[in-house]
């Protein structure tokens, strides 16, 4: 019996510490996070961007079902290629920013695919519509290691149907598919 205890203790030192680590929480760095939208309209590619993104990311190396990403995007920050398009996108024709000032994403599961690649399952809430979405994501930390002292970087993309979110104005001239590219920088929560 006295020989078993040292073997068990040695096992804890040999296995990666991340297997026994508690979840690490990060706050999205609002100044270093952007959302870019693109779609085809009138025979060309149109673009818009949004900023001032807020939210939290929680990573649990020992249990991917506990990983969480929650993001809120204020529509006041939406900027398109010109002021008329910005106005139209914020109006009732599309986002109806006056009635629905924020877009929200909440993950339900983050699945590791290897080499820093992930598939993020969740729901996107736009206006009064919530739909499931899947993001393809690459998560980077310093030297691809995640800690409670280093910033992380999340690059994610997806495509959605704008008509699925009740934004189908100008359907004959504007493509239904909108590509979303997300660049998030997040910093660890500071101990209080």
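The values are calculated or read from the model by the stated rules, or taken from the named source; none is laboratory data. Only a predicted model underlies this, so the values are computations on that prediction, with no experimental measurement involved. Note that each Cβ is placed from the backbone with ideal geometry, even for glycine, and that neighbours are counted across all protein chains shown.
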Practice problem: Please work out which residue is surrounded by the most Cβ atoms within 10 Å (Cβ to Cβ), limiting yourself to the stretch 70-87 and to residues that are at pLDDT below 95 and in contact with a strand residue (DSSP E or B) (Cβ under 9 Å, 6 or more places away or on another chain). | Solution: 85
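Could you grab me the full set of residues in the stretch 22-53 that are assigned to a strand (DSSP E or B), closer than 18 Å to residue 175 by Cβ and in contact with a strand residue (DSSP E or B) (Cβ under 9 Å, 6 or more places away or on another chain)? Break it down stepwise before answering.
Of the stretch 22-53, the ones assigned to a strand (DSSP E or B) are 24-28, 34-41, 44-50.
Filter once more, so that each one left must be closer than 18 Å to residue 175 by Cβ: 36-41, 44-48.
36, 37, 38, 39, 40, 41, 45, 46, 47, 48, listed by residue number.
Mind checking which residues of the stretch 68-77 are outside any strand (DSSP E or B) and within 17 Å of residue 124 (Cα to Cα)? Can you show your working first?
Quick first cut of the stretch 68-77, residues outside any strand (DSSP E or B) only: 75-77.
The answer is 75, and nothing else.
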Quiz item: Checking residue 170 against (1) more than 20 Å from residue 80 (Cα to Cα); (2) loosely packed, with under 15 Cβ neighbours inside 10 Å; (3) modelled with pLDDT under 90, which test does it fail?
Solution: (1)
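Looking at this structure, is residue 97 touching a strand residue (DSSP E or B) at 6+ places or on another chain (Cβ under 9 Å), farther than 21 Å from residue 28 by Cβ, at pLDDT 95 or above and surrounded by 17 or more Cβ atoms within 10 Å (Cβ to Cβ)?
no
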Practice problem: Working only within the stretch 27-45, note down all residues that are surrounded by fewer than 16 Cβ atoms within 10 Å (Cβ to Cβ) and over 17 Å from the mean Cα position of the chain (by Cα). | Solution: 40, 41, 42, 43, 44, 45
